[in-house]
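Right, one structure below, let's go through it.
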Amino acid sequence: KHRAEAILHYDESDDASIDDVDEIKTCTSSSPCKAINCPIRYYGDIIQCTNADEFESVPDHVIPQSIYSPNDTVFLNFGFDGESTTFGGSADGVNFRFPANPPLTEYAEFQNSSDMCPTRGCDHDVATHCACTHVIDISSQPRGSVVELVLTNRAVDGSSPDGAPHPVHLHGHYFYVVKIGYPENDTSGLFSAANDDVECVITATNVPCPRNFIAVENQNGGFKQSLRWRDLIRPAGIDTQNRFARKDTVIVPYGGYTVIRFVVDNPGWWFLHCHIEIHQLEGMAVVIKELPKEIPTNNLITCPGAGGSLSNLRVSPLIMIVGVIITTLCVYLA
């Protein structure tokens, strides 16, 4: 029931040009429509889906060989809070809240802020709601290593979601789309069951999580419960050496998952979030901490009140005059 459509045309295509498209095509089993980025594997026999994990990079693009051997795998669930729809979108049960201090220029204040999540994930057994600055720390990975993210899309309480797939966007990187795991659906395209390639287990006992389909970290850094591949078996097709497509945004199907990989080569604090605005505003996001020791700290402008001063900001008089003129004209014309 949630969908959007557009017409894509490439200069090299033999299909009709955009100018020739003057009406909506009727999709039939004998003349099916072509679609990309489908949130499910099948839409019946009237639509032929080609999905992001079936795309290939252009022939002249060189894929780093390291992409085929990830050094670390991180599972992260993008879903709605199963305890209450009031809290909306979350990542591992946490509603992301922006910090008062930017980590790039005011790291000490940022790290010691009460806004910071004490651990990864929200333990709903002891807290009914978690809203904080959620950081995924990959700083242990050296430059040139490869991080694999398994992005799942399940309601926090583990039930099948009643919602939409999430277009997830990563700042600071292009990534390679390795695999998309789709939910089960009938021949008409209706959802029937969530994909079961990923499971949630209590770390100490390996028994299924009683309630929440999220990773929950202990205070000592270990995990109370973890998301992982079911029975520790990686699904078929994930370790092939295909010419994976390179993107910065990808669909995570509801009841399923998407596997992406990127090379650790860009120091910074990178936002990973759902690109549906209301979901992101509700808190369906995290920050990825990458190569912090390589982040430059000299000559960065800081904010007043947190160890910095506006006196650090140097703006030429000419730029200030031009700014005043433009602002005055905008007010006058408005």
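The values are calculated or read from the model by the stated rules, or taken from the named source; none is laboratory data. No experiment lies behind these values; they were computed from the predicted model shown. FYI the Cβ positions are ideal-geometry reconstructions off the backbone, even for glycines, and counts take in every protein chain you see. Just the protein is used for accessible areas: all its heavy atoms, side chains included, with ligands, DNA and RNA removed. Shrake-Rupley method; radii C 1.70, N 1.55, O 1.52, S 1.80 Å.
Couple of notes before you dig in:
- Whichever residue in segment 40-82 is polar (S, T, N, Q) and open to solvent by less than 80 Å² (accessible area, probe 1.4 Å) and, among such residues, is farthest from E184 (Cα to Cα): S66
- Tabulated pairs, segment 37-55, first part of a strand (DSSP E or B), second charged (D, E, K, R) and surrounded by fewer than 16 Cβ atoms within 10 Å (Cβ to Cβ), C-beta under 9 angstrom, 6+ apart or interchain: I47/K34; Q48/K34; C49/K34; T50/K34
- Cβ separations smaller than 7 Å between residues 6+ apart or across chains give the following pairs from segment 190-202 residues that are closer than 17 Å to N212 by Cα to residues that are open to solvent by 40 Å² or more (accessible area, probe 1.4 Å) and among the hydrophobic types (A, V, I, L, M, F, W, C): V201/V207.
- Selected residue (criterion: surrounded by the fewest Cβ atoms within 10 Å (Cβ to Cβ)) from residues of segment 201-228 that are in a strand (DSSP E or B) and over 19 Å from the mean Cα position of the chain (by Cα): P208
- With respect to the conditions (1) in contact with a Lys or Arg (Cβ under 9 Å, 6 or more places away or on another chain); (2) under 13 Å from Y257 (Cα atoms); (3) modelled with pLDDT under 90, E217 falls short on a single one, namely (2).
- Among (1) surrounded by fewer than 18 Cβ atoms within 10 Å (Cβ to Cβ); (2) over 21 Å from the mean Cα position of the chain (by Cα), the one test that F110 misses: (1)
- In summary, strands (runs of 3 or more DSSP E) completely within segment 92-200 and bearing 2 or more residues that are modelled with pLDDT of 85 or more, of a type outside the set (A, V, I, L, M) and closer than 21 Å to Y254 by Cβ occur at 166-170, 175-181.
- Residue count, segment 241-278 (criterion: in contact (Cβ under 8 Å) with a residue 40 or more places away in the chain and out of contact with any strand residue (DSSP E or B) (no Cβ under 8 Å at 6 or more places or on another chain)): 2
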